[in-house]
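Report on the following structure.
The values are calculated or read from the model by the stated rules, or taken from the named source; none is laboratory data. Not measured: the values here are computed from a predicted model. Here Cβ is always computed from backbone atoms with ideal geometry, including for glycine, and neighbour counts include all displayed protein chains. In case anyone asks, the SASA skips ligands and DNA or RNA and just uses the protein heavy atoms, side chains included. Shrake-Rupley method; radii C 1.70, N 1.55, O 1.52, S 1.80 Å.
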Amino acid sequence: MSEQRYGEFVVVRRHEGQEHVAELVLDRPKAMNAVSTDMARSIGTACAALGADSGVRVTVLTSSHERAFCVGADLKERNSFTDAELVRQRPTARAAYTGVLELPMPTIAAVHGFALGGGFELALACDLIVADRTAVVGLPEVSVGVIPGGGGTQLLPRRVGAARAAELVFTARRVEAAEARELGLVDELVEEGLDRDEALALGGRIAANSPVGLRAAKRALRLGHGLDLRAGLEVEDAAWRSVAFSGDRAEGVAAFNEKRKPNWPGE
């Protein structure tokens with residue numbers, strides 16, 4: 001295994017035998033991964049590096065804390081800010097969430113324990129969420145006088161619909177794992193302690209596919225969402241054209257006809 005640290009609180013790991021899967025670890029255990037300004041900056045920097053690495057086919061977002069994925073913004077730090085300091089900090093905070101959201105490869109969040117506020121928004125920024133039975137998720141921001149500001153008001157209704165998202169945001173309630181799976185707040189529910197293993201395994205299954213195809217499929221899914229069907233099909237066609245004459249497409253067809261595992265060139 002190799003790893004690279006970004007600041008004090010973020011680590012990117014590459015595991016032997018899964019060289020195309022990157023694990024992005026939230027590593028501020030003393031604060032249950034509360035997102036401080038320094039941690040937000042590191043998340044953004046790590047995501048920029050991952051996005052530029054053509055060898056990464058899947059990114060899995062995990063936590064080093066045993067009882068929490070991430071409890072959201074560092075409210076102790078926020079409490080010390082003047083209004084002017086809060087305004088200056090906002091772009092750094094936004095860059096962390098958009099950094100995860102705009103990763104060009106498929107992304108999976110591995111959630112256990114608390115994933116609240118900005119912590120749940122980091123998970124929502126991923127394409128898929130694997131949770132274990134200890135998971136507790138929610139967007140409680142209105143209970144402290146703010147609103148979800150890391151994408152929650154936009155990402156949650158895209159998962160569960162406008163009315164359900166409104167109920168969850170307006171009540172600020174916490175949702176335990178079984179209900180979260182039932183409502184579609186998480187995509188896969190596993191036994192306690194297995195969220196990371198299952199997310200990495202899922203990442204490995206996804207990473208076996210064409211990296212060019214995966215990134216193009218993600219673009220089509222993201223850009224087409226919310227468009228009318230005709231416009232969405234144009235987005236899909238543009239994505240198809242970007243892969244139709246790629247080396248990956250030629251290799252994929254050849255491997256299928258030769259009944260062998262493809263050796264993706266990634267271009």
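A compact table of results
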item	result
So Ala163, is it out of contact with any helix residue (DSSP H, G or I) (no Cβ under 8 Å at 6 or more places or on another chain), open to solvent by less than 10 Å² (accessible area, probe 1.4 Å) and not β-branched (Val, Ile, Thr)	no
Single residue of Phe69, Phe9 found to be in the same structural domain as Gly204 (by the TED database) and in contact (Cβ under 8 Å) with a residue 60 or more places away in the chain	Phe69
Flag if Arg181 is in contact with a strand residue (DSSP E or B) (Cβ under 6 Å, 6 or more places away or on another chain), open to solvent by 100 Å² or more (accessible area, probe 1.4 Å), modelled with pLDDT of 95 or more and in a helix (DSSP H, G or I)	yes
Verdict on Thr153 being at pLDDT 95 or above, under 20 Å from the mean Cα position of the chain (by Cα), assigned to a loop (DSSP other than H, G, I, E, B) and surrounded by fewer than 24 Cβ atoms within 10 Å (Cβ to Cβ)	no
Set Val137, Val146, Val142: member being more than 20 Å from Ile43 (Cα to Cα), outside any helix (DSSP H, G or I) and more than 16 Å from the chain's Cα centre (by Cα)	Val146
Residues (within 19 Å of Val100 (Cα to Cα) and either open to solvent by 10 Å² or more (accessible area, probe 1.4 Å) or not hydrophobic (A, V, I, L, M, F, W, C) (or both)) located in the stretch 132-150	Gly138, Pro148, Gly149, Gly150
Members of the stretch 45-70 that are under 22 Å from Met105 (Cβ atoms), surrounded by fewer than 22 Cβ atoms within 10 Å (Cβ to Cβ) and in contact with a Gly (Cβ under 7 Å, 6 or more places away or on another chain)	Ala48, Ser54
Output for the stretch 226-244, where each listed residue is assigned to a helix (DSSP H, G or I) and open to solvent by 80 Å² or more (accessible area, probe 1.4 Å)	Leu229, Arg230, Leu233, Glu234, Glu236, Trp240, Arg241
The lone exception for Phe81 - which of (1) buried (at least 23 other Cβ atoms within 10 Å of the Cβ); (2) in a loop (DSSP other than H, G, I, E, B) it fails	(1)
Residue check, Ala31 without any contact (Cβ under 8 Å) to a residue 60 or more places away in the chain, of a type in the set (Gly, Ala, Ser) and open to solvent by less than 10 Å² (accessible area, probe 1.4 Å)	no
Residue check, Val87 of a type in the set (A, V, I, L, M), farther than 15 Å from Leu116 by Cα and at pLDDT below 95	yes
Single unsatisfied condition, Pro106 versus (1) more than 13 Å from the chain's Cα centre (by Cα); (2) at pLDDT 95 or above; (3) open to solvent by 10 Å² or more (accessible area, probe 1.4 Å); (4) closer than 22 Å to Leu223 by Cβ	(1)
